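For reference, the structure discussed in these notes is given below.
The values are calculated or read from the model by the stated rules, or taken from the named source; none is laboratory data. Small disclaimer: the values here were computed from a predicted structure and weren't measured. Cβ placement follows ideal geometry from the backbone for every residue including glycine, while neighbour counts extend to all protein chains displayed. Surface accessibility is based on the protein's heavy atoms, side chains included, excluding ligands, DNA and RNA. Shrake-Rupley method; radii C 1.70, N 1.55, O 1.52, S 1.80 Å.
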Amino acid sequence: MKKLSLLLAASCLFLLVGCSTSLDAYKDTEPHLKLEEFFNGELVAYGMVQDYSGEVIQRFRADLIGTWDGNEGVLDETFYYADGSEQKRIWYITKTGPDLYEGRASDVEGVAEGKVAGNVLNWTYVLNIELDGEPFAVKLDDWLYLVDKDNMINRTQMYKFGINVGEITLYIGKK
(Lines give C-alpha, C1' and ligand atoms only; values in the text may rest on other atoms or scores of the structure.)
Protein backbone atom coordinates (compact mmCIF):
# COMPACT_ATOMS: atom_id res chain seq x y z
CA MET A 1 0.00 0.00 0.00
CA LYS A 2 2.85 2.39 0.83
CA LYS A 3 4.43 1.75 -2.60
CA LEU A 4 1.09 2.46 -4.31
CA SER A 5 0.73 5.77 -2.44
CA LEU A 6 4.28 6.74 -3.36
CA LEU A 7 3.71 5.82 -7.01
CA LEU A 8 0.46 7.80 -7.10
CA ALA A 9 2.13 10.86 -5.55
CA ALA A 10 5.03 10.67 -8.03
CA SER A 11 2.58 10.35 -10.94
CA CYS A 12 0.66 13.43 -9.80
CA LEU A 13 3.88 15.43 -9.49
CA PHE A 14 4.94 14.33 -12.98
CA LEU A 15 1.57 15.44 -14.41
CA LEU A 16 1.78 18.83 -12.69
CA VAL A 17 5.31 19.48 -13.96
CA GLY A 18 4.34 18.35 -17.45
CA CYS A 19 1.41 20.77 -17.55
CA SER A 20 3.38 23.95 -16.86
CA THR A 21 4.12 26.17 -19.84
CA SER A 22 7.72 26.95 -20.59
CA LEU A 23 8.95 30.14 -22.20
CA ASP A 24 10.19 28.11 -25.18
CA ALA A 25 6.57 27.38 -26.13
CA TYR A 26 6.36 31.01 -27.36
CA LYS A 27 9.62 31.15 -29.39
CA ASP A 28 7.84 31.27 -32.77
CA THR A 29 5.04 33.70 -31.82
CA GLU A 30 4.79 37.11 -33.47
CA PRO A 31 5.28 39.99 -33.16
CA HIS A 32 8.69 39.46 -31.51
CA LEU A 33 8.93 41.43 -28.27
CA LYS A 34 11.80 43.89 -27.91
CA LEU A 35 11.60 45.83 -24.66
CA GLU A 36 13.58 48.70 -26.16
CA GLU A 37 10.81 49.17 -28.75
CA PHE A 38 7.67 48.57 -26.69
CA PHE A 39 8.83 50.40 -23.55
CA ASN A 40 9.96 53.48 -25.45
CA GLY A 41 7.87 56.61 -25.07
CA GLU A 42 4.68 57.18 -23.07
CA LEU A 43 2.51 54.28 -21.96
CA VAL A 44 -0.46 53.81 -19.65
CA ALA A 45 -1.35 50.73 -17.59
CA TYR A 46 -4.50 49.63 -15.78
CA GLY A 47 -4.47 46.75 -13.35
CA MET A 48 -5.48 45.00 -10.18
CA VAL A 49 -3.86 43.08 -7.34
CA GLN A 50 -5.56 39.96 -6.00
CA ASP A 51 -4.75 38.11 -2.79
CA TYR A 52 -4.19 34.35 -2.50
CA SER A 53 -7.97 33.71 -2.54
CA GLY A 54 -8.54 35.72 -5.73
CA GLU A 55 -10.14 38.70 -3.99
CA VAL A 56 -9.25 42.04 -5.61
CA ILE A 57 -7.43 44.01 -2.92
CA GLN A 58 -6.18 46.94 -5.03
CA ARG A 59 -6.87 48.59 -8.39
CA PHE A 60 -4.56 51.05 -10.13
CA ARG A 61 -3.60 53.12 -13.13
CA ALA A 62 0.04 53.77 -13.96
CA ASP A 63 1.77 56.26 -16.24
CA LEU A 64 5.01 54.95 -17.71
CA ILE A 65 7.75 56.73 -19.64
CA GLY A 66 10.46 54.66 -21.26
CA THR A 67 13.71 55.94 -22.76
CA TRP A 68 16.58 53.98 -24.30
CA ASP A 69 20.18 54.73 -25.19
CA GLY A 70 21.62 51.71 -26.96
CA ASN A 71 21.26 48.70 -24.66
CA GLU A 72 20.42 50.82 -21.59
CA GLY A 73 16.85 51.75 -20.76
CA VAL A 74 14.98 53.63 -18.05
CA LEU A 75 11.32 52.94 -17.32
CA ASP A 76 9.81 55.61 -15.05
CA GLU A 77 6.54 54.35 -13.50
CA THR A 78 4.02 56.31 -11.42
CA PHE A 79 1.17 54.29 -9.91
CA TYR A 80 -2.16 55.82 -8.86
CA TYR A 81 -4.11 53.44 -6.61
CA ALA A 82 -7.88 53.40 -6.09
CA ASP A 83 -7.37 54.14 -2.38
CA GLY A 84 -5.75 57.49 -3.32
CA SER A 85 -2.16 56.47 -2.68
CA GLU A 86 0.64 56.90 -5.20
CA GLN A 87 3.88 55.03 -5.77
CA LYS A 88 6.95 55.68 -7.91
CA ARG A 89 9.32 53.05 -9.33
CA ILE A 90 12.17 53.66 -11.74
CA TRP A 91 13.56 50.63 -13.55
CA TYR A 92 17.08 50.66 -14.98
CA ILE A 93 17.10 47.99 -17.67
CA THR A 94 20.08 46.55 -19.54
CA LYS A 95 19.82 44.38 -22.63
CA THR A 96 22.49 41.74 -21.97
CA GLY A 97 21.92 39.52 -25.01
CA PRO A 98 19.64 39.12 -28.03
CA ASP A 99 16.66 38.11 -25.83
CA LEU A 100 18.05 38.71 -22.33
CA TYR A 101 17.47 41.64 -19.99
CA GLU A 102 18.41 42.66 -16.47
CA GLY A 103 16.61 45.24 -14.37
CA ARG A 104 17.19 47.15 -11.18
CA ALA A 105 14.90 49.34 -9.09
CA SER A 106 15.13 50.71 -5.56
CA ASP A 107 12.49 48.30 -4.20
CA VAL A 108 13.87 45.24 -6.03
CA GLU A 109 16.34 42.98 -4.22
CA GLY A 110 19.36 42.29 -6.40
CA VAL A 111 18.77 42.02 -10.13
CA ALA A 112 15.60 41.15 -12.01
CA GLU A 113 16.30 38.69 -14.80
CA GLY A 114 14.24 38.49 -17.95
CA LYS A 115 14.19 36.37 -21.06
CA VAL A 116 12.15 36.87 -24.21
CA ALA A 117 10.82 34.13 -26.47
CA GLY A 118 8.68 35.31 -29.38
CA ASN A 119 6.10 37.77 -28.07
CA VAL A 120 6.58 36.88 -24.38
CA LEU A 121 8.91 38.06 -21.60
CA ASN A 122 9.32 36.11 -18.38
CA TRP A 123 10.77 38.38 -15.70
CA THR A 124 11.63 37.11 -12.20
CA TYR A 125 12.70 39.12 -9.18
CA VAL A 126 12.14 39.79 -5.48
CA LEU A 127 10.12 42.92 -4.73
CA ASN A 128 10.00 44.63 -1.34
CA ILE A 129 6.49 45.82 -0.56
CA GLU A 130 4.79 47.11 2.56
CA LEU A 131 2.12 44.95 4.17
CA ASP A 132 0.26 46.27 7.20
CA GLY A 133 3.04 48.82 7.72
CA GLU A 134 5.78 46.18 7.70
CA PRO A 135 8.34 45.35 4.98
CA PHE A 136 7.47 42.18 3.07
CA ALA A 137 9.62 40.62 0.33
CA VAL A 138 7.80 38.61 -2.35
CA LYS A 139 9.16 36.71 -5.32
CA LEU A 140 7.49 37.72 -8.57
CA ASP A 141 7.10 35.51 -11.62
CA ASP A 142 6.13 38.11 -14.20
CA TRP A 143 4.80 37.13 -17.68
CA LEU A 144 4.34 39.90 -20.25
CA TYR A 145 2.47 39.01 -23.46
CA LEU A 146 2.76 41.37 -26.44
CA VAL A 147 -0.67 41.45 -28.11
CA ASP A 148 0.40 43.75 -30.93
CA LYS A 149 2.96 46.54 -31.35
CA ASP A 150 0.96 48.89 -29.07
CA ASN A 151 -0.63 46.62 -26.44
CA MET A 152 0.51 44.16 -23.78
CA ILE A 153 -1.07 41.98 -21.10
CA ASN A 154 0.93 41.31 -17.91
CA ARG A 155 0.21 38.50 -15.40
CA THR A 156 2.33 38.13 -12.30
CA GLN A 157 2.27 35.46 -9.63
CA MET A 158 3.56 36.49 -6.18
CA TYR A 159 5.21 33.96 -3.86
CA LYS A 160 6.40 33.93 -0.25
CA PHE A 161 8.29 30.85 0.97
CA GLY A 162 7.25 29.13 -2.28
CA ILE A 163 3.54 29.65 -1.55
CA ASN A 164 1.37 31.68 -3.94
CA VAL A 165 0.21 34.78 -2.02
CA GLY A 166 -1.35 36.77 -4.85
CA GLU A 167 -1.52 37.83 -8.45
CA ILE A 168 -1.22 41.06 -10.41
CA THR A 169 -2.96 41.49 -13.76
CA LEU A 170 -2.56 44.54 -15.94
CA TYR A 171 -2.98 45.94 -19.40
CA ILE A 172 -0.24 48.21 -20.81
CA GLY A 173 -0.79 50.35 -23.90
CA LYS A 174 1.08 52.99 -25.86
CA LYS A 175 -0.32 56.49 -25.57
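Values of log10 I(q)/I(0) for the range 29-168 across q = 0.13, 0.14, 0.15, 0.21 Å⁻¹ run -0.57, -0.67, -0.77, -1.58, by the Debye formula with one identical scatterer at each alpha carbon and no solvent. Computed from backbone phi with θ = phi - 60° and the Karplus coefficients 6.51, -1.76 and 1.60, the 3J(HN,Hα) list for the range 89-98 is 9, 10, 8, 10, 10, 10, 7, 9, x, x Hz; x is used for glycine and proline. For the range 58-127, a Kirkwood radius taken over Cα pairs fed into Stokes-Einstein (25 °C, viscosity 0.890 mPa s) yields D = 186 µm²/s. Over the range 22-106, all Cα pairs binned in 10 Å intervals from 0 give whole-percent P(r) values of 15, 35, 35, 14, 0, listed from short to long.
Who wins for biggest fluctuation among Thr94, Thr21, Thr29 in a Gaussian network model of the chain, springs between alpha carbons below 10 Å? Of the options given, Thr21 has the highest mean-square fluctuation. Converting phi to 3J(HN,Hα) with the Karplus coefficients 6.51, -1.76 and 1.60 and the offset θ = phi - 60°, the range 134-148 yields 10, x, 8, 9, 10, 8, 10, 10, 9, 10, 10, 10, 6, 7, 8 Hz in sequence order, with x at every glycine or proline. Here the Gaussian network model covers the chain, with springs between Cα atoms less than 10 Å apart; of Lys160, Lys95, Lys115, Lys160 fluctuates the most.
For the residues Gly84, Gly41, Gly73, a GNM of the chain with alpha-carbon springs under 10 Å puts the largest fluctuation on Gly84. The solvent-accessible area of Trp68, taken with every protein chain present and a 1.4 Å probe, is close to 50 Å². Against the chain, whose longest principal axis is taken from its Cα atoms, helix 2-19 shows a tilt of about 20°. Per residue, the accessible area of the chain comes to 61 Å², computed with a 1.4 Å probe over protein heavy atoms only. If only the Cβ of Lys and Arg carry +1 and only the Cβ of Asp and Glu carry -1, the dipole of the range 56-175 around its Cα centre is close to 320 debye.
Between Lys139 and Lys88, full extension at 0.36 nm per residue minus the direct alpha carbon distance yields a gain of 16.4 nm. Across the chain, the relative contact order, built from alpha-carbon pairs under 8 Å that are at least six residues apart, equals 20 percent. For the range 63-73, 3J(HN,Hα) computed residue by residue from phi via the Karplus equation (6.51, -1.76, 1.60; θ = phi - 60°) reads 9, 10, 10, x, 9, 9, 9, x, 8, 10, x Hz, glycine and proline entered as x.
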